[in-house]
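The values are calculated or read from the model by the stated rules, or taken from the named source; none is laboratory data. Owing to the predicted nature of the structure, the values given are computational and were not obtained by experimental measurement. With ideal geometry, Cβ positions are generated from the backbone for all residues, glycine too; neighbour counts draw on all protein chains shown.
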């Protein structure tokens, strides 16, 4: 199931292609390294869970321009002085470089490289827009989901979080990938059937208010549902009056799985509904809460001992509503000139970054992350720790297999156990220690001096 | 260029399909009407510009289930008691109903129907997730873009706004549709080449910091750019030092089109850069500003008489960052029973809605919208005004042509001239007068009475 909008080589900002044409014109195509990283963490994020690596590698490995796409590019006024050979080059384009990236599901922090492209300048340049787009979306959603899942289990009781946000995700494709990222990060599944079909993610669903409204009474609607789904009925009980709805649920003659409450004072109603269910002999029927939930509302519900078995979370998860983008960038950090490495970095005062292709070394002590050191990628005996960046592509060929989605999910879960506990605080900004090595600081100073 | 993720019939929440299976099981498939509307306007929005109608109609007209999709659905545990005939029904599915919607580009307000589906219940139900998804995304971006464009021209001077947000939009597809919505709503174009290719939207671009960093000096980088693009060079001048960058721009020997500043104090730097350009004989070279802009920053720049010719706006536009979703819903409002219309509405106290298929009547007086009246769709001589909802599909066939993107853009522009001026206020919430008719209020009271 190929997604042609997604995979089109034209999914770039125009300037990537004008720059490519410019480099081609000047026959200037040295091997360079670009790094993709998040400049800082949004206010309500203490860590990021990386997702989107598989989509990124797939795109790089399959990038090509169709005849129609090239014809369109030639027709643009801005391209009128560009030599025909450039378009012939695009027609034969295939990626020939190296790609390094962290594992999908890795926990990372501000300014740590997530993905690196080491390739001829033209090839590396035209990947920028797409790579930022997929890593931004999935990493943002995975990171938001992790907070929500943590809140749902903050008292040590396991409560599933189901991703219900497809209708408010930013379009159909964003809905599918949000479901994937949410699942990686700890959600038990999604309502999005296409995500189930495409990725094998468990799919969940109850019924909508329209089911109840389509019949002459709520009780009739519940009965009719259980006649078809006797083992998996979750009644949505807030169409008219939640407590009446709970009573109707107990009157269907079916041993229903649970009820969902989607509006009103969820804490108060859950407590009353639990009592109605228990008093009528439905102690095993579960309560599912939904309705514009986020990590704060869930944390409060859990802290106040609301009887709830699982949560359906939609809009705020699938749009990462409090931080609907990450400040991810894709920056040139070095250029190869003959046998020399020329280190590069922007030095405009508001946007400091370090030059050179890097590695992140993570020290884990007593079962917890202690600190990360970022250094040049080349071996340096004095820096200790687990290396986070791995080679995914060599000379245009993939050299590392994609882990299964289940393996990624397990990796996230294991990694989260190693995260310092204070970083799980959803209310306060807590900084994890990330050091940039002496070598990197010297290189940066050299570049700054050069430009003063 | 079909987009299979986008167009898949499985782009639904699971409950749409379990409800469909349930209705099928009970042989309960009356003609119903669902209405799609926004429950309220987000805090920083005084009006919405509807976009996404074409994508919605296309989806409805082409919806079908492939063999593999049906095989997957059959394999789901929840479907185990569903009769095989239901899957045969899906295999032959095609939409047979009526669709009514406003014009693409229409200005609408809270609770006014945007789109209505009048069809057999099963058909209408399974459209929900997709319709919400595309209308939410494009309407949200069009509405945000309109505020930004208004701010850019608030002193009466025309300044173009270019949509630059593909890298932070929620995935590649969202980037393309954000570009479309932004263009409809008044942006002059986009950086997204795929949006140019697919929709014919003008594409714009300058160069990135990486262009400057790839060469040995900024001056060399600028010269090299103009050698390839002599008629369309915009130099990005903030890689190292903006004022030095402006000086370098004047030293290339080329008559460059303009400069772009992407960081720092944009107002202060623009004023200094303008002087450098003017003093060196480049009075016609334009200044383009970018860097996390939104309507508030742009309004301040314009009010402070910053010399600026156009804006590139990315993240905050393409994610509608301050309101990254709209509270759009898709609700059952009536059911046909024999020759009777049974009016339906949810009455849970926090989410009031009106029953019945409706029409919006807009009164325009002295060149301005005066008020809207929402009434039942059926003719009522006592209600005056321009009808906003039109029939797009009849018995499954499209009966209204898509206007061209240029026509939609013109329609938006003409309509905005009729909008009361106080609704253009980007700082204050201003309510437009929308009345619900006596007939609708009676119907609602009847339903509320029934459930008390």
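Of all residues in region A:163-181, none satisfies being in a loop (DSSP other than H, G, I, E, B), surrounded by fewer than 24 Cβ atoms within 10 Å (Cβ to Cβ) and outside the structural domain of residue A:18 (by TED's automatic domain parsing).
Do we have any residue at all in region A:199-206 that's surrounded by fewer than 24 Cβ atoms within 10 Å (Cβ to Cβ) and more than 27 Å from residue A:426 (Cβ to Cβ)?
So in region A:199-206, the residues surrounded by fewer than 24 Cβ atoms within 10 Å (Cβ to Cβ) come out as A:199-200, A:202.
The next check asks that each one be more than 27 Å from residue A:426 (Cβ to Cβ); those that pass are A:199-200.
Scanning region A:199-206, I find at least one residue that is surrounded by fewer than 24 Cβ atoms within 10 Å (Cβ to Cβ) and more than 27 Å from residue A:426 (Cβ to Cβ), so the answer is yes.
The set of residues in region A:122-140 that are over 18 Å from residue A:58 (Cβ atoms) and surrounded by 24 or more Cβ atoms within 10 Å (Cβ to Cβ) comprises A:125, A:140. Here B:374, B:434, B:360 are screened, and the one residue that is surrounded by fewer than 17 Cβ atoms within 10 Å (Cβ to Cβ) and touching a strand residue (DSSP E or B) at 6+ places or on another chain (Cβ under 9 Å) is B:434. Those residues that are modelled with pLDDT of 95 or more, touching a helix residue (DSSP H, G or I) at 6+ places or on another chain (Cβ under 9 Å) and farther than 26 Å from residue A:78 by Cβ, I need them from region A:1-43; list them, please. Selection gives A:31, A:33, A:36, A:38, A:41, A:42. With respect to being touching a strand residue (DSSP E or B) at 6+ places or on another chain (Cβ under 8 Å), in contact (Cβ under 8 Å) with a residue 60 or more places away in the chain and loosely packed, with under 12 Cβ neighbours inside 10 Å, residue A:446 falls outside the description.
Looking for something within 12 Å of chain A (Cβ to nearest Cβ) and out of contact with any strand residue (DSSP E or B) (no Cβ under 8 Å at 6 or more places or on another chain) - is there at least one such residue anywhere in region B:112-122?
Yes, there is a match, as at least one residue in region B:112-122 is within 12 Å of chain A (Cβ to nearest Cβ) and out of contact with any strand residue (DSSP E or B) (no Cβ under 8 Å at 6 or more places or on another chain).
Among the residues of region B:202-213, write down those that are within 7 Å of chain A (Cβ to nearest Cβ), farther than 11 Å from residue B:262 by Cβ and out of contact with any helix residue (DSSP H, G or I) (no Cβ under 6 Å at 6 or more places or on another chain). The answer is B:204, B:210, B:213. With respect to the conditions (1) loosely packed, with under 15 Cβ neighbours inside 10 Å; (2) in contact with a helix residue (DSSP H, G or I) (Cβ under 8 Å, 6 or more places away or on another chain); (3) within 19 Å of residue A:59 (Cα to Cα), residue A:396 lacks only one, and its number is (1).
Taken over region A:108-118, the criterion of being part of a strand (DSSP E or B) and either surrounded by fewer than 24 Cβ atoms within 10 Å (Cβ to Cβ) or not assigned by TED's automatic domain parsing to the domain that holds residue A:399 (or both) is satisfied by A:118 alone. Of the helices (runs of 4 or more DSSP H) lying entirely inside region B:1-107, those containing at least 3 residues that are free of Cβ contacts under 8 Å to residues at least 60 places away in the same chain and within 12 Å of another protein chain (Cβ to nearest Cβ) span B:67-75. In the set (1) over 23 Å from residue B:240 (Cα atoms); (2) modelled with pLDDT under 95; (3) facing chain B (nearest Cβ under 8 Å), the condition left unmet by residue A:339 is number (3).
Name the helices (runs of 4 or more DSSP H) wholly within region A:216-321 that hold at least 1 residues that are in contact with a helix residue (DSSP H, G or I) (Cβ under 7 Å, 6 or more places away or on another chain), crowded, with 18+ Cβ neighbours inside 10 Å and away from chain B (no Cβ under 14 Å)? Qualifying helices (runs of 4 or more DSSP H): A:242-250, A:266-279, A:295-303. The sole residue among A:154, A:146 that is more than 7 Å from chain B (Cβ to nearest Cβ) and surrounded by fewer than 24 Cβ atoms within 10 Å (Cβ to Cβ) is A:154. Of the residues examined, residue A:87 is not one that is at pLDDT 95 or above and out of contact with any helix residue (DSSP H, G or I) (no Cβ under 6 Å at 6 or more places or on another chain). Annotation: of all residues in region B:189-201 being more than 8 Å from chain A (Cβ to nearest Cβ) and touching a strand residue (DSSP E or B) at 6+ places or on another chain (Cβ under 6 Å), the one that is farthest from residue A:342 (Cα to Cα) is B:201.
Out of curiosity, is residue A:387 farther than 30 Å from residue B:243 by Cα, away from chain B (no Cβ under 14 Å), free of Cβ contacts under 8 Å to residues at least 60 places away in the same chain and surrounded by fewer than 20 Cβ atoms within 10 Å (Cβ to Cβ)?
Details: farther than 30 Å from residue B:243 by Cα: yes; away from chain B (no Cβ under 14 Å): yes; free of Cβ contacts under 8 Å to residues at least 60 places away in the same chain: yes; surrounded by fewer than 20 Cβ atoms within 10 Å (Cβ to Cβ): yes.
Taking the combined requirement at face value, the residue satisfies it.
Which residue, of A:171, A:160, A:186, is on the phi > 0 side of the Ramachandran plot and more than 13 Å from chain B (Cβ to nearest Cβ)? Checking each option against the conditions leaves just A:186.
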